Structure formats: structure tokens, C-alpha cells
Amino acid sequence: MYLKGVGPRKADMLKKLDIFTMYDFLTHYPRAYENYSTVSKIADVDAGETVVLVGRMYHLEQRVIRHNLSIIEGTLDDDTGRITVMWFNQDYLMRKLEYGTRMMIIGKIKWDDWRNELVVGQVINSTILGAHEQPSLGIMPVYPSTSSLPQSFFRTAMKNLLDKMPPLPEILPQVILKQLKLMPLDLAMHSIHFPKDQRYLDAARRRLAFDELFLIQCGLMLIKRQTKYNRLGIQHEKNGELVNKIFDSLPFELTNDQKNIFAEVSRDMEDKLPMRRLIQGDVGSGKTAVALLALVKAVQGGYQGAMMAPTEILANQHYEKFSKFLSPFGIRVGLLSAKVTRTKKMRDEIYKQISEHELDIVVGTHSLIQEGVRFAKLGLVVTDEQHRFGVVQRSVLEKRSVLIPDMLVMTATPIPRTMSLTVYGDLDVSLIKEMPPGRKPIETTFKSIRSRKRVYEFVREEILKGRQAYVVCPLISRSDSETLKHIDPVVEVYEMLSEGIFRDVPCDILHGKMKPKDKDEIMERFRAGETRLLVSTTVIEVGVDVPNATVMVVENADRFGLAQLHQLRGRVGRGSEKSYCILLSNNKTDHSQERMELLQSTNDGFKLAEEDLKMRGPGQFFGEAQHGLPDLKVADVFRDVETLIAARDAAEKFVTEEADLNYFVELRKNLALAYGDKFSQITRD
């Protein structure tokens, strides 16, 4: 279909908004709406109002103020009064407007001191009307756009598309439509763009939000169905002598949450169906201890375990801890990372040890999913900081063994329950909320940039006591953006500190543009205590355990989300000494103050994550939380909680009860249309 008004030039502009197809254009939903349902009389308008006026245009005049600014002025008359209307840089109107032209003007009224009268100083939309033509009133869409694509273009092009488009076929089973009283899809698509009234808009939003959530849920549940219910896994032994020995030898008492979740993991592993479980727990809640016991359980039955970490330094840390603790029990732990496979000889040796079962547990990075890695008898895969991997990487690891291994996923990213219903639709979710005893709360304070000198004097005092400190900055280099010009980048902050107050202290800088090898070396120096002050970007958010680090300073803290600040704060407070997180910011808005006060008042990451999402909206959370899941265009997981739960219930019933899956082909087609290859691994089996 050809879309009137969209030629090659406009098509290139639309690509900047990720609009490549007719479907992309159709689902480029309005970000807001303007209600223009009634025509105002000129005699009744007042300054500050945005109004709809209909009348005839007289006394047209164009003035060129300078080379890039021209103004067209005209007088609109509606028989109750006259008002001056002003257009800026719209020269083409002079070719279209004639004396007495009948027009509809939507614009903002302001008081003009020079004329000493009210004028339409900002025209939002203007339409030439025929002699007897009725103005098109109602709720007007406001689309996400760019300066080169005005709202008038989107409104006209979308109307043309909807008018010429054949009726959209239903994608939902009739039983769901009737049971939930959902608006028909074709009417919903028209109403989301040009609603007759608020009732139509609300019903359209509900229908399209349901479709998004239902399709995602079906996709995830079908993945879960084919990887779990339709494929036999490993039925591990009940906890025996080895597991009990390790359990009793732990240097700390497990919390009740840890004990309960290990019991859940044990039940899953002893089932003949493959385990697919997520453990959510705040920073320092003890997820790794549960993972360690699960890996030992796999080894107890003669299987191998694999643990995948997002960074080489974190993989090294897990390897060292596991190896030191498990070696006395005869459990062989190996490390697979870029560092230990840098030569062919080293690579062949570690691959041989894995494939011939000379290693019981292998800790690694993405190296674990490289071609050539074959496990002799892989029984359990643990992925740490799961949001860095996602669905695709998990499925690749599963294929590294002839058997279908159990899968345990860990994340410290706090996700509210309603969000996790959708994000982790292919996993069973366990939650650790209880923190280990003895862990001291981190004292969090909020200071203005004016206090920077005193803050760094305090940091210096801590370092001179033998401690270490982090300084985190939001940018790597100085930005040309007006909104970011006041932010000091990490490079400049490092120079200021290392050449100033900390010139006699071993300092280092760390950011995302460095080579992985260099980043690991810098982080290793800090972990070893050689570096006392580390100035970094958020690359340390998922970092190593440095118990000696007691201070975290966050520059321009208002540039970070609440959940992210909480994650950063979790880098300190890991030892026996009192720890501090100091948030520096010059932003004094109520919104910023509210966020900072929340951080000071609670250490509950889940509460902060929920508040964060309420404040900034879910945005592209799904992309951040689990690589491979699509973003939501209509649905909002907070506003649409009831719709989310209804969609999940409907999807679960549909996927589990439709034994013949007659609807499968249509569902697969709609998943592909809406989400491309995000769910390409789904098969009919």
C-alpha cells in the first residue's frame, strides 16, 4: 500500500523514529491527546487558553523580520469579534489563503502588550474549510515526532492510512473477546488515533494494551512449554552426604529466605522436568550461597555445573571463592574466560577438561557459550546478573550438553511483582527479601555541589584510615548538549581529584570505552587494595566484592534512576566497617528532592524500584531487564495491573488448554508481526 504524503524524503525522516513499514506507522501511537471538542467564540476567549475558533480570515499580511524569521498575520472574524492570528515561518500559507477564506484555528491565546489586545500567538493547527463544511472536532492525537515532521503530517498521513486500510482481522480468540468485553481490534486501532470521545479512547487503550501483554505472555509461555513441559530433564538425587557436608560447613547461618529458596530449588531439581527458576534478591542478600548449594547438588549426582558471570573480574571472584571452599571436599572447579583461553593450547586444554568431565563446576563469562565448549554431563546452569544475558543466551547454554540441564537465574535488579509477571514469564520466580544478620545499613546523605570540598575531605579521612572509596560520574566526556553541559565527566573529575586533594593517594579511572582487558586489570588493582580511590562510570554497578570500600560518592546523582543509585550504593557496606553513600547534586526541583529523600529513608531495593518506575514510567524496561523482550508501546505495568493479570491468566489458559493449538499459526504470525524474531525459537511442539 502506498501512503499518501510519504515520499522517499519523508520515509528517511521516519526511519529516525524506527518507522520502516506500514505496520510500524500504524502502531506509532500518540504520546498524548488534545481535547478540541467545542468551538469557542472570539468574544469569550481569555489569555492562556488553548481554543478552537472558526471564522473568516481578512487583512492578510506577511513580514520578514530577518533571514530566518517571517510572520504571517491575519484577522479572524466570527461575527462575535475579531482577533489577530500569527503564523511563524509558514510562507506557503500566503499562496493558499485568500480574503474571506473560512478557517478553523486551534491556538493559544496570549496578551500582546504592543497591540494592547488579545492575539492567537501560537497556532497549533489551522484548516481551510469549505463554505458549508463542518469543522472536524474532537480529541486530537499528539505523536512522538521530530522538528522536521510536524503533528499535521502525522495526523493527515494517519487519517489517510486508516481510511484506505482494509478492516483489521481479529487476532484474539472470540472467547477471550467476549469474556473480557474487549473492543474489536479494527475499532480500537481507529480509536487510539482518532477517538470519538474519552470512552472510546479508554476502551481502545485497554484493548491494545491487552493485546501487547497477551502476545508477550503467550510467547514466553510457549517457550516455557517447549523447553520445560515437552522435554524431559534430569531427575537429580535428593540432598545427600555431600550437600549436607557443604551446608554444615558454610561459614555463616543461612537466612530463612535462603533456606526456603534452596528447598524450592531442590524440589525443582529432583523433578523430571527441567528447572527454570529465577532468584531475585537485593545486593548482598545471599543469592550466590543458594547457587553454590545447587551446583553441589548437581555434582553430588555425577553431573557438571556451569556458572556464567557478566564480567571476567566477577567470574574470577566466583571461581576463587568456589575453588577455595569446595576443593577440600574433592570438587574440581575450573575457570573459563578470555584470560585462560588466550592461546590455542590453553583453550584446547580447558575444553578437554570440560568435555572429559575432569572439572565438576566451570565458572566463566560469555566464553561458556562459544563454539567448541562441550560438557560431558551438564546438569545445572547458573547465570549471574541475568539481565545482562536474557532468553537467547540461556537457550544457547542449554544446547552445550546432550541432556537438558536445569537453569537457575540470579538477579540483583529489583523488579516489582507486577513487572516480573511479564518480564519473567518463562521462569518461576523466587524472592529473597531477608538480609543476612550483621550487615550494617549504609548511611546515605544528599549534598549540594557546593559541599563537594567538604565531602572529598571526608573521603580522604576514610582513605587515610586504610579504607577505599568509589566516585561515580554519569558521563565519560563533556557533552555538547545544553542539558548536560553542567555535568562534569569522569575524565575531568578524575584529573581534578588525582591532581588535587588525592594527589598523594593511588587513584585510577574506569569507564566503558576502555578495553575489557584494561578494565579487568584496573578493577583487580582496586580489589587487591593497590588503588585506594576509583573514579568510574556505572561500569562498577555490577562489580566485584571489595569489603574494604566504605565510601561511595555519586556526582550529579539526579542523572541516575533510583534503582540504579541503589545498585551503585550496594558496592559499599560489604565489610565490617560503617559505610557511606554521598549523593552530590545541584538539582533542587521537588521531583529530585523527593527521589533523594526516598534513597535516604530506605534500603529496600524493591520499594525503590517500584517508586522509580512510577516516577519515570516503565519506558524500555523490558529491554534493560531481559535482553530479547520487546518494549511496550501502549501498556503500562502500573496503570494496567488489572489488564496485565487478565492477559496473563488468559494466556496461561489458552496455551495450556488449547491442546490442538489450532490458533498457533495465527499466533505465531502475530508474534512475528509485532515483535519480529523475538520469539523465533517457538515451535509447535
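Structural remarks
Here's the yes/no breakdown for (1) modelled with pLDDT of 95 or more; (2) farther than 23 Å from Pro436 by Cβ:
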position	(1), (2)
Phe247	no, no
Leu250	no, no
Thr255	no, no
Phe262	yes, no
Val265	yes, no
Pro274	no, yes
Leu293	yes, no
Ala306	no, yes
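- A single entry from Gln217, Gln235 fulfils the requirement of being assigned to a loop (DSSP other than H, G, I, E, B) and either more than 30 Å from Ile331 (Cα to Cα) or modelled with pLDDT of 90 or more (or both): Gln235.
- Restricting attention to the stretch 293-302, the residues being open to solvent by 10 Å² or more (accessible area, probe 1.4 Å) and assigned to a helix (DSSP H, G or I) number 2.
- Number of positions in the stretch 568-598 that are open to solvent by less than 10 Å² (accessible area, probe 1.4 Å) and in a helix (DSSP H, G or I): 4
- Residue selected from the stretch 62-102 under the condition of a type in the set (A, V, I, L, M, F, W, C) and under 22 Å from Pro135 (Cα atoms), by the criterion most open to solvent (accessible area, probe 1.4 Å): Met94
- For the stretch 304-323, residues that are of a type in the set (S, T, N, Q) and open to solvent by less than 20 Å² (accessible area, probe 1.4 Å) total 2.
- For the stretch 5-50, residues that are modelled with pLDDT of 90 or more, surrounded by 14 or more Cβ atoms within 10 Å (Cβ to Cβ) and more than 27 Å from the chain's Cα centre (by Cα) total 5.
- Complete set of residues in the stretch 562-576 that are modelled with pLDDT of 80 or more and of a type outside the set (Lys, Arg): Leu562, Gln564, Leu565, His566, Gln567, Leu568, Gly570, Val572, Gly573, Gly575, Ser576
- Search result, residues across the stretch 376-404 that are at pLDDT 90 or above, open to solvent by less than 40 Å² (accessible area, probe 1.4 Å) and of a type outside the set (A, V, I, L, M): Gly379
- For the stretch 277-292, a tally of residues being outside any loop (DSSP other than H, G, I, E, B) and either open to solvent by less than 10 Å² (accessible area, probe 1.4 Å) or aliphatic (A, V, I, L, M) (or both) returns 8.
- Filtering the stretch 521-539 to residues that are in a helix (DSSP H, G or I), in contact (Cβ under 8 Å) with a residue 60 or more places away in the chain, within 27 Å of the chain's Cα centre (by Cα) and surrounded by fewer than 22 Cβ atoms within 10 Å (Cβ to Cβ) leaves only Thr538.
The values are calculated or read from the model by the stated rules, or taken from the named source; none is laboratory data. Just so it is clear, the model here is predicted, and its values are computed rather than measured. With ideal geometry, Cβ positions are generated from the backbone for all residues, glycine too; neighbour counts draw on all protein chains shown. Note: areas computed on protein heavy atoms with side chains; ligands, DNA, RNA excluded. Shrake-Rupley method; radii C 1.70, N 1.55, O 1.52, S 1.80 Å.
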